[in-house]
Amino acid sequence: MKRVAAIDLLRALAIVGMVASGSMLWDAGLPAAMFHAQLPPPTFQFNPEVPGITWVDLVFPFFLFSMGASMPLALRRREAQGAGWGAVCKSAVHRFVWLAAFAIILGNTGMYLLKGCASWVAALTTLGVWLLFFAMFIRFPNMERSKNTILNWAGFILLIGVTMLYKPLFGVGVSLSVNNIIILILANVALFGTLLWWATRNSLTARIVVIAAFAVLKLASGVEGSWCEWLWQQSPAAWLFRFEFLKYLCIVLSGSIIGDIIQRATATEQLSTEGSDKPQKWVLAGIVIAIVATIVVLMWGLFVREVGICVILTAVLVAATWILLKRVKGNDSATYREIYVAAVAMLLIGLIAEPMEGGIKKDPATIGYFFTTSAMAAMVLLAALILELRFNTRFKALEACGANPMFAYVAAGYLITPLLTLLGLIKPLDAFCAEAPWLGFARGVLFALLVIAVTYPLTRKNYYWKS
């Protein structure tokens with residue numbers, strides 16, 4: 001089954017957003033909407049009492065949602081090839097181990113940790129780690145599978161050895177409890193999301209019940225002294241797994257519902273590219289514009305806390321979008337409507353839950369956050385599908401980052417920054433970007449563009465990093 005470019009695009013928006021937000025300079029002169037809502041300027045001190053979301057708060061749930069949306073396409077293909085519970089569990093555990101190791105190594109080998117040595121030493125060391133990551137994850141299209149596996153394991157083992165040398169060589173403490181929390185959460189939800197999707201693959205009702213159970217369990221965990229609170233805090237190995245990580249399955253499994261719709265439509269060739277006459281293109285363009293407007297209204301209203309006005313405007317836009325969707329003709333029209341109905345259902349749950357837990361928040365994550373951001377991701381995915389299939393509009397350089405997410409994720413910190421350091425460009429670049437607030441943001445945009453530039457040619461040659 002061929003890749004669905006719209007899912008790659010959604011994942012790419014998340015990756016590029018992560019790079020841009022992580023590479024920009026935090027300047028108090030920038031609007032608060034440019035940062036996590038719970039890390040407002042000018043102090044940038046974490047404040048869990050601040051409700052609202054910004055564009056930065058969308059990148060993680062968008063990535064989780066794209067993970068869930070891609071599960072049915074990959075796993076249905078494996079099912080058709082005869083895979084059963086044993087094969088699925090084996091591959092899911094393998095992926096968990098490699099992603100968890102990836103998270104721990106990332107947490108212990110960042111270039112920023114090597115402040116006690118010369119910049120060129122830090123840069124060369126970090127480039128060396130990147131090369132070992134390359135060996136650990138690369139899938140060469142023309143290499144025998146057995147040889148590729150040997151290369152991957154060699155990279156993995158060498159990475160462990162190199163990481164352990166950070167203490168004696170650089171005085172950097174190495175610990176299993178130090179990790180990249182984003183990747184560690186992804187490892188956990190990838191494992192349990194895969195197993196839960198497989199268990200409920202033929203029953204949408206069962207999956208909805210599972211999603212509801214995790215949502216209610218998350219709420220009940222706040223009841224002091226309850227068994228839910230006890231369960232939520234359980235962890236056989238805190239450095240590897242915490243039960244509370246599973247709250248993000250609300251997003252992953254919601255994404256899998258949209259993935260099921262896309263997989264069925266793809267399998268029955270209902271999503272084949274087809275032309276549209278001019279009147280239809282105006283309708284489809286109106287749908288895309290209405291979706292973009294809905295996303296903007298939600299971010300604005302929930303951030304500035306005009307929630308009532310936000311709900312009213314969103315309801316108007318949803319109604320307008322539905323009217324337009326009813327006018328769409330073609331084999332794929334029913335699929336568009338099915339996706340949108342699911343997205344609106346998620347949005348309804350999210351907005352109803354928004355006042356709970358002190359308002360929508362990324363951290364600590366709220367039920368309103370899970371379902372509102374899932375709905376926004378589903379709408380973006382629908383808009384991307386329409387652009388891909390009806391307008392033949394592709395963003396191939398951007399999609400490459402979504403198709404090769406692990407490579408793109410580490411490129412800024414382990415490839416681009418070390419290279420700029422060795423070229424003597426990083427210090428003058430940072431000094432220039434510190435001159436004005438928006439130049440600090442431009443630094444993030446520049447790094448995002450550089451990540452796209454290095455990921456695109458690799459992906460075009462079918463060199464993928466796989467776990």
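The values are calculated or read from the model by the stated rules, or taken from the named source; none is laboratory data. Treat the numbers as computed from the prediction; the structure is a model and nothing was measured. We place every Cβ from the backbone using ideal geometry, glycine too, and count neighbours over all the protein chains shown. Calculation scope for accessible area: heavy atoms of the full protein, side chains included, ligands and nucleic acids excluded. Shrake-Rupley method; radii C 1.70, N 1.55, O 1.52, S 1.80 Å.
The single condition among (1) modelled with pLDDT under 95; (2) surrounded by fewer than 17 Cβ atoms within 10 Å (Cβ to Cβ) that A293 does not satisfy is (1).
Among all positions in segment 128-151, there is at least one residue which is modelled with pLDDT of 95 or more, surrounded by 14 or more Cβ atoms within 10 Å (Cβ to Cβ), assigned to a helix (DSSP H, G or I) and of a type in the set (V, I, T). Assessment of segment 62-77 against the conditions (under 27 Å from N188 (Cβ atoms), open to solvent by 20 Å² or more (accessible area, probe 1.4 Å) and either out of contact with any helix residue (DSSP H, G or I) (no Cβ under 7 Å at 6 or more places or on another chain) or free of Cβ contacts under 8 Å to residues at least 24 places away in the same chain (or both)) yields at least one matching residue. Cβ-Cβ below 7 Å, separation at least six or inter-chain, first residue in segment 1-27 and farther than 27 Å from F44 by Cβ and in contact (Cβ under 8 Å) with a residue 60 or more places away in the chain, second open to solvent by less than 20 Å² (accessible area, probe 1.4 Å) and outside any helix (DSSP H, G or I): which pairs? Final answer for the pair search is none.
Counting the residues of segment 3-26 that are open to solvent by less than 50 Å² (accessible area, probe 1.4 Å) and charged (D, E, K, R) gives 2.
Is it fair to say A74 is farther than 20 Å from R95 by Cβ and either within 15 Å of the chain's Cα centre (by Cα) or small (G, A, S) (or both)?
So A74 fails the test.
For beta carbons closer than 6 Å, sequence separation of 6+ or different chains, a first residue in segment 82-110 that is on the phi < 0 side of the Ramachandran plot and a second that is in a helix (DSSP H, G or I) and of a type outside the set (A, V, I, L, M), the qualifying pairs are V88/W198; A92/T194; I105/T163; N108/T163; T109/T163.
Residues of segment 113-127 that are in contact with a Gly (Cβ under 8 Å, 6 or more places away or on another chain) and assigned to a helix (DSSP H, G or I): T126 alone.
Being under 30 Å from Q263 (Cα atoms), assigned to a loop (DSSP other than H, G, I, E, B) and hydrophobic (A, V, I, L, M, F, W, C) is the requirement here; does A83 meet it? So A83 fits the description; yes.
Within segment 358-396, restricting attention to residues that are in a helix (DSSP H, G or I) and free of Cβ contacts under 8 Å to residues at least 40 places away in the same chain, the residue that is surrounded by the fewest Cβ atoms within 10 Å (Cβ to Cβ) is G368. Out of all the residues in segment 214-227, is one or more closer than 21 Å to A69 by Cβ and assigned to a helix (DSSP H, G or I)? Scanning segment 214-227 turns up at least one residue that is closer than 21 Å to A69 by Cβ and assigned to a helix (DSSP H, G or I). The condition of being over 30 Å from A83 (Cα atoms), in contact with a Lys or Arg (Cβ under 6 Å, 6 or more places away or on another chain) and not β-branched (V, I, T) holds for only one of S221, S226, S235, that being S235.
Scanning for something under 19 Å from the mean Cα position of the chain (by Cα) and open to solvent by less than 30 Å² (accessible area, probe 1.4 Å), does segment 202-214 turn up at least one residue?
There is at least one residue in segment 202-214 that is under 19 Å from the mean Cα position of the chain (by Cα) and open to solvent by less than 30 Å² (accessible area, probe 1.4 Å).
Residues that are open to solvent by less than 30 Å² (accessible area, probe 1.4 Å) and within 26 Å of D57 (Cβ to Cβ) within segment 233-255 comprise F245, L246, K247, Y248, L249, C250, I251, V252, L253, S254, G255, listed in sequence order. Taking the conditions exactly as written (crowded, with 18+ Cβ neighbours inside 10 Å, touching a strand residue (DSSP E or B) at 6+ places or on another chain (Cβ under 7 Å) and farther than 17 Å from A122 by Cα), does F156 satisfy them or not? No; evaluated as a whole, the condition is false for this residue.
When F192 is tested against (1) hydrophobic (A, V, I, L, M, F, W, C); (2) in contact (Cβ under 8 Å) with a residue 24 or more places away in the chain; (3) in a helix (DSSP H, G or I); (4) open to solvent by less than 40 Å² (accessible area, probe 1.4 Å), just one condition goes unmet, and that condition is (4).
Considering the conditions (1) at pLDDT below 95; (2) part of a helix (DSSP H, G or I), L13 is excluded by exactly one of them, (1).
I'd like the residue in segment 322-357 that is closer than 12 Å to A378 by Cβ and more than 22 Å from the chain's Cα centre (by Cα) and, out of all such residues, is surrounded by the most Cβ atoms within 10 Å (Cβ to Cβ). Filtering segment 322-357 for residues that are closer than 12 Å to A378 by Cβ and more than 22 Å from the chain's Cα centre (by Cα), the one surrounded by the most Cβ atoms within 10 Å (Cβ to Cβ) comes out as Y336. If you go through segment 410-445 and pick out every residue that is open to solvent by less than 70 Å² (accessible area, probe 1.4 Å), among the aliphatic types (A, V, I, L, M) and farther than 27 Å from N148 by Cα, you end up with 9.
When you look at V311, is it on the phi < 0 side of the Ramachandran plot, at pLDDT 95 or above, assigned to a helix (DSSP H, G or I) and under 22 Å from the mean Cα position of the chain (by Cα), yes or no? The answer is no for V311.
Against the numbered list (1) surrounded by 17 or more Cβ atoms within 10 Å (Cβ to Cβ); (2) part of a helix (DSSP H, G or I); (3) free of Cβ contacts under 8 Å to residues at least 60 places away in the same chain, P40 comes up short only at (2).
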